Amino acid sequence: MEKIRVAVLGATGMVGQYFLHLLRDHPDFEVAAVCASEARIGQPLLEARALHPAGIPVQMAHLHFSALDARSLADLGVDIAFSGLPADIARGIEMDLANRGIHVFSNASSYRMDPSVPILIPEINAPHLELVERQLQQRKGFIITNANCTTTGLAISLLPLLPFGIKRLIVASYQAVSGAGYPGIPAMDISGNVIPYIDGEEPKVRKECGKIFAKVGPDGLEPAEWQVYAHCIRVPTLVGHLVSTHVELSESLLPEKVRALFDDFQAPADVAGLPTAPLKPIIMAAERNRPQPMRDVDAGGPARAAGMAVTVGRLEVEGNIVRFVNLANNLVRGAAGGSVLNAELCLRKGLIGR
């Protein structure tokens, strides 16, 4: 069966290059175009600086940079655009693409809080795809965003507790330098140091949690009315965002009950079996000193889903208070892999045609 032609926007950036690797040999998608700055047009992809540990995929060695232009990409037969663009650039081009009938799966924050655009995490809020149906009444294509890379791991780790009524979250994130992109933070600022503030990050965690866990109502999404308090901190690790999480529930639970909820959690049926979906979206760490970015950042299987699972450890329960630490790969589950999984779900749901 012929694969769907896709473009990677921002292919010289960190997230863009993770897109390239997640899409190589994908069973449903074929990278037909790569885009970056105007100065790159016509240059070979292989001349781009490699930001992924495995370098530029050899399967894409023949590609040259195309114009970051909706008409040009439509003329190339592109049906899907995976966007790793900065938010200020993404706002214009992503809507142009959707108006041209190209479906956009974006890591940018430009449209996350748009009432018509879902912040999609398939294991959590697949019913939010109803917003996509509404978008398609207005234009030929649609836009779906990822959550912020910190919010993603936090949100997935809350899934086993949802039936017991979440009232309040108090979280502190310890975020890797790769979350700042390339070239990122100067070495003299972060080496042997901790930066206790990341501009704009804490409001994103608060607002996005409300939207991700919203109910679909007749007039759109009805946000979850949780109290969310967040501190976001930059630490000198390379990949992996660790979040210390304090959850207040509406009812008390026994510790063994909570552990069983995490151990036994499975992906919903409409997500299970997708190529980039991990067999277990949440993995419980047995050791008290885990998860650790160096050891657990690539959790998840099969091989295509490496880095797509969230690892949870340090689980403590006192009545209606549950505390734990969660770790997510900010470049895979929190960025490129999350968008690829979103596209796979849309393909399964018939929102993308072959």
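The values are calculated or read from the model by the stated rules, or taken from the named source; none is laboratory data. Keep in mind that this is a model prediction, so the values were computed, not measured. Glycine also receives a Cβ, built like all others from the backbone with ideal geometry; neighbour counts cover every protein chain displayed. For the accessible areas, the whole protein counts, side chains as well, though only heavy atoms, and no ligand, DNA or RNA atoms are used. Shrake-Rupley method; radii C 1.70, N 1.55, O 1.52, S 1.80 Å.
Taken together, the residues in the stretch 86-103 that are open to solvent by less than 50 Å² (accessible area, probe 1.4 Å) and under 19 Å from R139 (Cα atoms) amount to 10.
Residues of the stretch 120-134 include none that is within 16 Å of G10 (Cβ to Cβ), outside any loop (DSSP other than H, G, I, E, B), open to solvent by 10 Å² or more (accessible area, probe 1.4 Å) and of a type in the set (A, V, I, L, M, F, W, C).
For the residues S106, S83, S66, the requirement of being surrounded by 18 or more Cβ atoms within 10 Å (Cβ to Cβ), of a type in the set (S, T, Y) and more than 21 Å from G338 (Cβ to Cβ) singles out S66.
When the stretch 5-58 is filtered for residues that are under 19 Å from G334 (Cα atoms), part of a helix (DSSP H, G or I) and among the small types (G, A, S), only G16 remains. Annotation note: Cβ proximity below 9 Å between a residue of the stretch 51-72 that is under 15 Å from G10 (Cα atoms) and acidic (D, E) and a residue that is open to solvent by less than 30 Å² (accessible area, probe 1.4 Å) and in a helix (DSSP H, G or I) (sequence gap 6+ or interchain) occurs for D69/I93. When you scan the stretch 149-159, do you find a residue that is in contact (Cβ under 8 Å) with a residue 40 or more places away in the chain and more than 20 Å from E123 (Cα to Cα), even just one? There is no residue in the stretch 149-159 that is in contact (Cβ under 8 Å) with a residue 40 or more places away in the chain and more than 20 Å from E123 (Cα to Cα). Is it the case that Q138 is without any contact (Cβ under 8 Å) to a residue 24 or more places away in the chain, farther than 17 Å from S83 by Cβ and surrounded by fewer than 24 Cβ atoms within 10 Å (Cβ to Cβ)? Yes. Within the stretch 263-273, at least one residue is farther than 26 Å from G210 by Cα and open to solvent by 10 Å² or more (accessible area, probe 1.4 Å).
Note on the stretch 183-216: residues that are open to solvent by less than 40 Å² (accessible area, probe 1.4 Å) and of a type in the set (K, R) total 1. On inspection, V258 fails the criterion of being within 20 Å of the chain's Cα centre (by Cα), of a type in the set (V, I, T) and open to solvent by less than 20 Å² (accessible area, probe 1.4 Å).
Matching residues to (1) open to solvent by less than 10 Å² (accessible area, probe 1.4 Å); (2) basic (K, R); (3) in a strand (DSSP E or B):
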position	(1), (2), (3)
G307	yes, no, no
V312	yes, no, yes
E316	no, no, yes
N326	yes, no, yes
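Annotation note: Cβ proximity below 8 Å between a residue of the stretch 322-344 that is without any contact (Cβ under 8 Å) to a residue 60 or more places away in the chain and a residue that is of a type in the set (G, A, S) (sequence gap 6+ or interchain) occurs for no pair.
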